[in-house]
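Each reported figure results from applying straightforward, stated rules to the coordinates on display, with no laboratory input. None of these values were measured; they are calculated from a predicted model. All Cβ positions, even for glycine, are placed from backbone atoms using ideal geometry, and neighbour counts span all protein chains on display.
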Amino acid sequence: MSTFRARRFVRRLSTLVVVSVLAVVVAACGTASDGAEGNSGVRMEHKYGTTELPENPRKVVALGLNDQEALLALGIKPVGVVDWFGERPYGNWPWTKPKWGETKPEIVGERDDYQLEKIAKLQPDLIIAQYSGMTKEQYEKLAKIAPTVAQPPGQQDYAAPWRLMTERIGKAVGKQQQATKLIDGVDAKFAAVRQEHPEFAEQSIVVADSFQPGEYALFADHDAKAEFALELGFQGSSEITELAGDNNAAEVSSERLDLVADVDRMLWTVADDSVRKRVQNDEVYQRSKVAREDASVFVTYYDPPVGAAVSFNTVLSIPYAIDRVVPLLEQTGPNAR
């Protein structure tokens, strides 16, 4: 995976060409065969206003970086999606491949660079963008194509927690009860880890990546990857979160790895094993507590895609990530099994 694809989620403010708006094809009324609960007259607030939701939408375009995973978990295959991690051909992740089956959605953009003409041609009933950086200008154009639900109000871009995303997407497609059951199932897996490993609650953790030699991204507590680690029971880093500010990570040079000098554990999401070797050879890193105690875990985005599962941090990817990250944590550090 290129370093460009692995970089933190930065809003891409591309100039969009004004397109002619196609008429929206409204799906037939009635209850879907997969048990949709219905959505008649329901409205949803979001960053740019309030949207009246269609009842039982069948053609959904997902413009958030990982919104499609909550939809798949709810039994809905989006007709359009954006490319984030190089998903072409789409749906290669082991936690989503069974959900997609032979279906291949239309790729209607890369991250927040949406192709409005492609979206309009799909004639969607609903457009969803929760884990995104959608701008107001983009929203206003998309809302002319179909009812559009932008980012949750009060949340930073690319920072909607997985529970909130699942709840909102469940509501948007009329499957609130099913969404709640999915959330409860993932909560139970996190709770089981915390019960088995009470020592995690006494340990601090930082999630990080290194995109270039001597350059590091230390992820803030509100980033999806750090959120995953905290839900395993670990303590976060208020210092790094404050340094990151409105961004999802503090980007620092090697000299500032002193920020993690006394951290108990580190979880590194990296492009490949060469990054692990580069990090471990960094002289500043070698002086840290995690280096001395062999308390770092390195997971790759591909081969296997554990790092991608941690990065997506969705109701679908979390169980896959838990089953693979926790054994690695058990095998590292001073209390390794």
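The condition (being aromatic (Phe, Trp, Tyr), closer than 24 Å to Thr300 by Cβ, in contact (Cβ under 8 Å) with a residue 12 or more places away in the chain and in a strand (DSSP E or B)) is satisfied by just one residue among Phe211, Phe190: Phe211. The residue of region 291-314 that is nearest to Gln178 (Cα to Cα), among those that are surrounded by 15 or more Cβ atoms within 10 Å (Cβ to Cβ) and in contact with a Gly (Cβ under 8 Å, 6 or more places away or on another chain), is Tyr301.
Could we say that Pro94 is under 19 Å from Val315 (Cβ atoms) and in contact with a strand residue (DSSP E or B) (Cβ under 8 Å, 6 or more places away or on another chain) here? Here the answer is no, as Pro94 does not meet what is asked.
Matching residues to (1) farther than 27 Å from Asp282 by Cβ; (2) in contact with a Pro (Cβ under 9 Å, 6 or more places away or on another chain); (3) touching a residue at least 40 places away in the same chain (Cβ under 8 Å); (4) surrounded by fewer than 20 Cβ atoms within 10 Å (Cβ to Cβ):
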{"position": "Ala179", "(1), (2), (3), (4)": "yes, no, yes, no"}
{"position": "Glu196", "(1), (2), (3), (4)": "yes, no, no, yes"}
{"position": "Val206", "(1), (2), (3), (4)": "no, no, yes, no"}
{"position": "Glu231", "(1), (2), (3), (4)": "yes, no, yes, no"}
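The residues of region 287-329 that are closer than 13 Å to Met266 by Cα and without any contact (Cβ under 8 Å) to a residue 24 or more places away in the chain, listed by number, are Ala291, Arg292. Candidates are the residues of region 146-177 that are in contact with a Pro (Cβ under 7 Å, 6 or more places away or on another chain) and either among the hydrophobic types (A, V, I, L, M, F, W, C) or part of a loop (DSSP other than H, G, I, E, B) (or both); the one that is nearest to Asn248 (Cα to Cα) is Ala160.
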